[in-house]
Amino acid sequence: MRKFWLALMGIVVIGGRVIAAEVSQRKEIAVMPVYSSYNLPSSAYMYFDDVMISTIASMKRFQVIGYQYRLDGTTAERFIQRIRELKKQAVLQNPQYRDEDLGVAVIPAAEMERLVNSVFIFVPSIQGYDSRTYDIQIRQEKKGGGYEIKIVKEHRATVNVSIKIIDTQGNLLATYNDGAEAVSRLSPNDAYQKAVNSAVGGLAYHLRNVEEFKIKTGILRVEGDYVYLELGKNLGITPGYEFFLEDEIQIMDRFKEKKRVGLIRVSYVSDEYSYGHVIFGNPRVGQQLVEAPKAGGRFGLALGVLPLGVPQNARLVYTSGSVTLNTNLSFGSLSGFAPSVFMHLDFEIGYNWLWESAFGIGFGDPLLISMNIGPAYEWYMRNMSLVFGTKVVVTIGGKDLGKITSSFDRITIEGKELATPVSVSLNWFDFSLLPQASWNLQFNQTTKLRLFAGFNWSFYQFASLSFREDGSGEDVATVSVPPSFQNWDGKLGTTGLTAGVELIFRM
């Protein structure tokens, strides 16, 4: 009864014409088992089939029928051609079914009839496979000092997959191609399974972008900036899904063209209906909605400022053996801030939640490298939104103090010999919490502009005076000690306001 009323609400009468939005139903698909010319154990084939079918079934928009006929590339092309012929015959109501001998498999006439009557057919194959086992050395620190070398076996697997999708006319609709490499220290099979999981991991998003598989539905009800739409968990819709509002436009009384006129973001999902927030457009009851898939990632570039407080001058004092430093330091960043550039990588979780991360550089004296990560909540107001979150911040500051040269080949610092010349630097390590708020303006489904501000609160910081031999590699000796200054505690002023502007690209 509920389905009846939902369907009835999706039909609107305008000017005597009955307009009904197209509403998707589960599509029946026939899935063939994977084929490979490589010498794989039967368990490897079964694992691939299980991962592929479970991925497709979890989308809930497909009715999956599994078959046992493995088809190689050449046979798959012959199979597609035969299915195309039979589908044409089926349209003429005169199909001639018979047992099909495809070389690597014989498909009975009854099965061929069922395949022809299926809406779509999936034909997977492993196009590339490689497995290697080798020894690697692991350097482990010993309790009494020094290192020991441990030899362990490492297994590496590479898998390239291809899944051909045949449409209702027997034509090749789409092909999913992907490959992955994985490493395991457990077994070759574990490496293979990890590679398969990674290679098939993008299949669901790929299928969501195939036009024939996109979910289509209609608006049942409009309440301000929210709309109710038919379909919900029964077809795999989850919070965060987005749909284009679509209108059909008449051109010169001869042609019809579909035009995107808005965007809806789903916020709540029930078994048979959902409702969402209007980002763009003026929705009306009965209007067509078409799925607009996004992977859920965001990439951003930001310009801003970081808090940075330093003295105008400070004197560094250090003595060890024959090495004495009595250096007057000057700092260029006296404004209290450092201009910064950041790259952001955020992930959308459901409708409102975000997991944000960023990496950036503060162009101050000392130079700052900053990384932050943390959760945030986004509150939508049509194409504008407010975001509130708190991040954990790790900031590393560095200042080069030059080199120590000597007439001797080696000098001793803290009881350790270093070959000259020796580079000297000051490094700071700062840990902070950053409560932050931002205002966002969305231009289209892909692009946003963000203005953000926050307060960086430093709760722990330490500094290090480092001496390092010139060169590269594990054999280069380094010594680090706490620095000592006159008339300065040696701490950077990283507590304070931070702000900036970011251009966001949704993926």
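Just so you know, all these numbers are worked out from the coordinates, no wet-lab data involved. Bear in mind the structure is a predicted one, so any value in this text is a computation, not a measurement. All Cβ positions, glycine included, derive from the backbone under ideal geometry; neighbour counts span all protein chains shown.
On the basis of being more than 23 Å from Ser335 (Cα to Cα), surrounded by 13 or more Cβ atoms within 10 Å (Cβ to Cβ) and hydroxyl-bearing (Ser, Thr, Tyr), does Thr478 make the cut? Judged against the criteria, Thr478 is a match. For the range 119-136, a residue qualifies if it is touching a residue at least 40 places away in the same chain (Cβ under 8 Å), more than 19 Å from Val159 (Cα to Cα) and in contact with a Lys or Arg (Cβ under 7 Å, 6 or more places away or on another chain), and the qualifying residues are Val119, Phe120. Counting the residues of the range 391-426 that are in a strand (DSSP E or B), in contact with a Gly (Cβ under 9 Å, 6 or more places away or on another chain) and over 12 Å from Ser322 (Cβ atoms) gives 10.
With respect to Ala314, determine if the residue is without any contact (Cβ under 8 Å) to a residue 60 or more places away in the chain, surrounded by 13 or more Cβ atoms within 10 Å (Cβ to Cβ) and assigned to a strand (DSSP E or B). It is false that Ala314 is without any contact (Cβ under 8 Å) to a residue 60 or more places away in the chain, surrounded by 13 or more Cβ atoms within 10 Å (Cβ to Cβ) and assigned to a strand (DSSP E or B).
Criterion applied to Gly262, Gly281, Gly232 was being small (Gly, Ala, Ser) and without any contact (Cβ under 8 Å) to a residue 24 or more places away in the chain, and the one residue passing it is Gly262. Screening the range 164-187 for residues that are β-branched (Val, Ile, Thr) and within 22 Å of the chain's Cα centre (by Cα) and picking the one that is nearest to Ala30 (Cα to Cα) gives Thr175.
Is it the case that the range 203-220 has a residue that's in contact (Cβ under 8 Å) with a residue 60 or more places away in the chain and within 30 Å of Ile136 (Cβ to Cβ)? For the range 203-220, residues in contact (Cβ under 8 Å) with a residue 60 or more places away in the chain and within 30 Å of Ile136 (Cβ to Cβ): absent.
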